[in-house]
Amino acid sequence: MKGEDCRGARATNRLRQAVEDCLKTYDDWMDKPGTEFYWSDLTMSLHLLGEHERELEYVRTARQRNPDSPNALLLEVRALAALGSLDEVRELVALAESRATGSGEGFLTVLTSADQYLRPHGYTELADSLTRRAVEWAETHQIRTSDYGVALLQLGRHEQAGVVFEELVAAEPEDPALLQWLATAEVGLGDRDAALAISERLVEIEARPFTYGNPTFGRALIAAELGDREQAVGLLYEAYDEGYQYTDALRHMPQLQALQGYEPFERFMEPKG
């Protein structure tokens, strides 16, 4: 299928190549059902390259052609956060709330994602406000998903977050993402041994087939939070070798903020083409 080169290039950190490949078919495929990855991969590549004006241009075109897409809305929030357009971020969050349906989990994701897009750029006041709103929303709508737990972590409510993630891990004991967030709660509570024990569980999970580096990525997050930046970067390389993809999470995840600007990490992040 056309467009696979675009995705493959982005996943392997060949970001300039990804932009070139995406643009070859962007206009033809951007508004067709099931082809979200064309503009998702294009804008993610531009985001990681720091070309936020271009990122915003293409995201807005995608939103015009896909006005009901929650993913397109979130991508615009990401671009606006990078550009410091906080009023426009607030407007999109309000729009997402007006569209909230069903359980309300979709709007909770918007709030927690906006938080992670804003914090790396220093907009902590708005991020905190949205995260408090996320916790209120989750508790009002009785949502106990990972987004709720993440919001609690961002507010420093580690014990409560730990309870949420323990429940989620009990239901899915081999989910690397849930385990890494549980480890974050343990680190926040000062329990280094518990976090390291979770890292060992991830080693066991990585030995199984079709994990694509996700458990090793979780171990990298734990190492970063425990202050071992060298080990964290080494594990990121291992995760990549095992199949983990380059995504904007490497810039946004709270566990990796301690690595931003660290020279070995920046070498890891440097585009390969």
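Residues that are within 26 Å of His47 (Cβ to Cβ), at pLDDT 95 or above, buried (at least 23 other Cβ atoms within 10 Å of the Cβ) and not hydrophobic (A, V, I, L, M, F, W, C): does region 132-145 have at least one?
no
Based on this model, can you work out whether Ser113 counts as within 21 Å of Leu56 (Cα to Cα), in a helix (DSSP H, G or I) and among the polar types (S, T, N, Q)? Even if it seems obvious, please write down each step before you answer.
Numbers: within 21 Å of Leu56 (Cα to Cα): yes; in a helix (DSSP H, G or I): yes; among the polar types (S, T, N, Q): yes.
Answer is yes for this residue.
Just for region 6-24: of the residues that are surrounded by fewer than 17 Cβ atoms within 10 Å (Cβ to Cβ) and more than 23 Å from Leu236 (Cβ to Cβ), which one is modelled with the highest pLDDT?
Glu20
Kindly list the number of the only condition in (1) closer than 21 Å to Leu49 by Cα; (2) in contact (Cβ under 8 Å) with a residue 12 or more places away in the chain; (3) not basic (Lys, Arg) that fails for Glu238.
Just one mismatch for Glu238, condition (1).
State which residue is farthest from Leu48 (Cα to Cα) when the search covers only region 79-113 and only residues that are of a type in the set (Val, Ile, Thr) and surrounded by 15 or more Cβ atoms within 10 Å (Cβ to Cβ).
Result: Val93.
Among Gly227, Gly243, Gly218, which is over 20 Å from Ala197 (Cβ atoms) and either of a type in the set (Gly, Ala, Ser) or not in a helix (DSSP H, G or I) (or both)?
Only one candidate passes the filter, namely Gly243.
Within region 64-78, take every residue that is more than 20 Å from the chain's Cα centre (by Cα) and not acidic (Asp, Glu) and give me the one that is surrounded by the fewest Cβ atoms within 10 Å (Cβ to Cβ).
By that ranking, first place goes to Pro67.
Residue under question is Ser40, and the condition is that it be in a helix (DSSP H, G or I), touching a helix residue (DSSP H, G or I) at 6+ places or on another chain (Cβ under 8 Å) and at pLDDT below 95; does it hold?
Considered against the rule, which asks whether it is in a helix (DSSP H, G or I), touching a helix residue (DSSP H, G or I) at 6+ places or on another chain (Cβ under 8 Å) and at pLDDT below 95, Ser40 comes out as yes.
Take region 171-215 and flag every residue that is within 17 Å of Ala239 (Cβ to Cβ), part of a helix (DSSP H, G or I) and among the basic types (Lys, Arg).
Arg201
Can you list residue pairs whose Cβ atoms sit under 6 Å apart, with the first residue in region 88-108 being assigned to a loop (DSSP other than H, G, I, E, B) and the second being buried (at least 18 other Cβ atoms within 10 Å of the Cβ)? Count only pairs 6 or more apart in sequence or on different chains.
Within 6 Å, the pairs are Ala100/Phe107.
Hey, can you tell me all the residues within region 128-170 that are farther than 14 Å from Leu189 by Cα and not in a helix (DSSP H, G or I)?
Matches in region 128-170: His141, Gln142, Ile143, Arg144, Thr145.
Just checking, which of Glu230, Glu263, Glu225 is touching a residue at least 40 places away in the same chain (Cβ under 8 Å), of a type in the set (Asp, Glu) and over 23 Å from Asp5 (Cβ atoms)?
Values: Glu230 fails: touching a residue at least 40 places away in the same chain (Cβ under 8 Å); Glu263 fails: touching a residue at least 40 places away in the same chain (Cβ under 8 Å).
Glu225 is the lone residue from the list that is touching a residue at least 40 places away in the same chain (Cβ under 8 Å), of a type in the set (Asp, Glu) and over 23 Å from Asp5 (Cβ atoms).
Filter region 251-265 for residues that are in contact with a helix residue (DSSP H, G or I) (Cβ under 8 Å, 6 or more places away or on another chain) and either surrounded by 15 or more Cβ atoms within 10 Å (Cβ to Cβ) or part of a helix (DSSP H, G or I) (or both) and give the result.
Scanning region 251-265 gives Arg251, His252, Met253, Pro254, Gln255, Leu256, Gln257, Ala258, Leu259, Tyr262, Pro264, Phe265.
The values are calculated or read from the model by the stated rules, or taken from the named source; none is laboratory data. Predicted model, so just to flag it, every value in this text is computed and none were measured. Note that we place each Cβ from the backbone using ideal geometry, even for glycine, and neighbour counts take in every protein chain shown.
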